[in-house]
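Down below is the structure, laid out as structure tokens.
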Amino acid sequence: MSIERAMEILRKYPLCDHCLGRLFARLGTGLSNEERGRAIKDYLLMRIHEKVLNEGLSDELLSDIKALAMSGHEPSIKFLTNMGINVSPVKCYVCGDAIFNRLDEWANTIANNLRMLGVEFRSFRLGSRVPLDILNRELSITTEFNISSAESIKREINRELGKRVSAILGVPFNREEPDVEAVIDIGAGSVDVQVMPIYISARYRKIRRLINKGGRARWPIDKVMQAYGAQDVVIHTGGEDPMGARVLGNGRPVILQVVRPGRRPDVSDVYSLLNDSSYDIMLNNLTRVKASAVVRMKARIRDYVITYRVLAITSSPVTDENIRSLHDYFRNRQVVQVFRRGHRVRRRVSMVYELDGRVIRDRLVELLIRCQGNLYIRGFVHGGYGNVEPSIAGTLGFSIRPIEIDILSISD
Ligand SMILES: [Zn+2]
């Protein structure tokens, strides 16, 4: 995009320094759009002046100076005044001169709204809603003059407001992971603010066998809420535990979503508050993560390798020979489980990698099963009423019921 085109554009559309400078955003690094727009207008006037000195003042040159003057270029206005011609600037075709002179005012409004949240924050993100007619006028110019080097007005507004808000509040702008977010509606002058959640990944262990309380474990959620001064905590677990199972060993992946935190303490300070054995859940390995970690964790569940310990009673005595044949049969064996819910049928395929066990008494066995994370363990043991193929019950040829299930390890 050549600077020469700027004159063509100004002949047709009066543009303020910001809106002209933005069209040439790739030229002159280190200049703001306003400085760039002003510099282009200075340059255009000097070229015209040079021609006037060499060739005299033609009607064309005079109308170009008038176009510059109408775009608010002071030296051009003075140039004409000296010739006894009065030209008043007109409003910028794109922004209507209604945006860039209000940035300080809006920045103050945004900063006040963020302060009024009453929460601690160390970074912020800023967005803006710009009236459609402004965006359309900007687009019509870049399209008409085939300009690819332009920056969007929205980006300039966000950057300029971001700088100002950052200076007022003394906290940096952070596009990726802000603590709070403000969105200003440029047309209405209103501001929406929100506190961004904190995501903490951890491993949890369920240290009690919860059989009588409906299987609901007590998480130290109140402690987490207290530590962060939060409104709520949403628990995203990497898979579900079998009813009544303990989760031992390295525990199961979990991500805690701390909703509307008022404080943002270091996770290590929070961890020390969670060492309380009156809860059913122990949390370990706490780390701050991004929101996207939840989706990534959920996507990996089926690839977990889980080792279960299952204590089970059988309808017939179990022999060492039975255990040996189970061990030999379930080595890297694919298991198909069919679930019916109403008319919907879901088929789940998972791998059993290894199975070991021992006879405790003639009808009581302990099994160690290493399998893929999506295996429904209880059904795999008792055969799921004919919905599992192959199952332990089916392989033994008599019925077997799990009475205790523990997760000994989960590798994710
Ligand atoms: Zn403008």
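The values are calculated or read from the model by the stated rules, or taken from the named source; none is laboratory data. Everything quoted here is computed from the prediction, not taken from an experiment. Cβ atoms come from the backbone with ideal geometry, glycine included; neighbour counts cover every protein chain shown. All accessible areas refer to the heavy atoms of the entire protein, side chains included, with ligands and DNA or RNA removed. Shrake-Rupley method; radii C 1.70, N 1.55, O 1.52, S 1.80 Å.
What to note about this one:
- Listed residues 34, 144, 120, most fluctuating in the chain (Gaussian network, C-alpha, under 10 Å): 144
- Dipole check for the chain: with +1 at the C-beta of Lys and Arg, -1 at the C-beta of Asp and Glu, and the Cα centre as origin, the magnitude is about 2060 Debye.
- Three principal axis lengths of the chain [C-alpha, angstrom, descending]: 115, 41, 37
- Note on the chain: helix-only mean residue ellipticity at 222 nm, from DSSP H runs of 4+ residues weighted -39500 (n - 2.57) and normalised by residue number, equals -10500 deg cm²/dmol.
- Check: region 325-408 dipole with +1 on Lys, Arg Cβ and -1 on Asp, Glu Cβ, in debye: 540
- Within region 198-301, the ratio Rg/Rh, alpha carbon atoms throughout and Rh by Kirkwood, equals 0.95.
- Using the 1.4 Å probe convention, the accessible area of region 270-337 works out to 53 Å² per residue with neighbouring protein chains retained.
- Interatomic Cα distance distribution for region 228-276, bins of 10 angstrom, percent: 20, 45, 29, 6
- Protein heavy-atom accessible surface, 1.4 Å probe, per residue over region 4-82: 51 Å².
- Once the Cα gyration tensor of region 304-411 is diagonalised, semi-axes √(5λ) in Å: 22, 16, 12
- Computed across region 4-82, the Kirkwood radius stands at 12.6 Å (inverse of mean 1/r, all Cα pairs).
- Against the chain, whose longest principal axis is taken from its Cα atoms, helix 320-329 shows a tilt of about 30°.
- Measuring r between the beta carbons of residue 231 and residue 155 and using R0 = 35 Å, the FRET efficiency lands at 0.60.
- Distance in nm between pseudo-label sites at residue 411 and residue 389 (7 Å out along the Cβ direction from Cα): 3.1
- Dipole of the chain, positive direction: furthest Cα of 89, 235, 61, with charges on the beta-carbon: 235
- Dividing the mean sequence gap of close Cα pairs (under 8 Å, 6+ apart) by how many residues the chain holds gives a relative contact order of 13 percent.
- Debye-sum result for region 103-194 in log10 I(q)/I(0), which assumes one identical scatterer on each alpha carbon, at q = 0.17, 0.21 Å⁻¹: -0.71, -0.96
- Signed unit charges on C-beta, dipole axis of region 304-411, positive-most listed residue 402, 367, 327: 402
- The distance linking region 283-299 with region 14-73 is 54 Å (Cα centroid to Cα centroid, whole angstrom).
- Only Lys, Arg (+1) and Asp, Glu (-1) charged, at Cβ; region 4-82 dipole about Cα centre in debye: 240
- Only beta bridges with both residues in the chain are counted; by DSSP, about 90 percent of them are antiparallel.
- Alpha carbon centroid spacing (whole Å) that separates region 188-212 from region 131-175: 34
- Modelled this way, with points 7 Å down the Cα-to-C-beta line, the labels at residue 26 and residue 399 are 7.7 nm from one another.
- Tilt relative to the chain, helix 33-55 - C-alpha long axis, 0 to 90 degrees, to 10: 30
- Of interest is the spacing of the C-alpha centroids, which for region 393-412 and region 232-267 amounts to 25 Å.
- Under-5 Å amide H pairs with residue 262, H placed in peptide plane, nonlocal only: 229, 230
- For region 304-411, the relative contact order comes to 41 percent (Cα pairs under 8 Å, sequence separation of at least 6).
- Computed in the context of the full set of protein chains, the accessible area of the chain at 1.4 Å probe radius has 48% of its extent on carbon or sulfur.
- Between 0 and 90°, nearest 10: helix 103-116 axis offset from the chain longest Cα axis: 30
- Comparing 77, 198, 301 in a Gaussian network model of the chain (Cα springs below 10 Å), the most mobile by mean-square fluctuation is 77.
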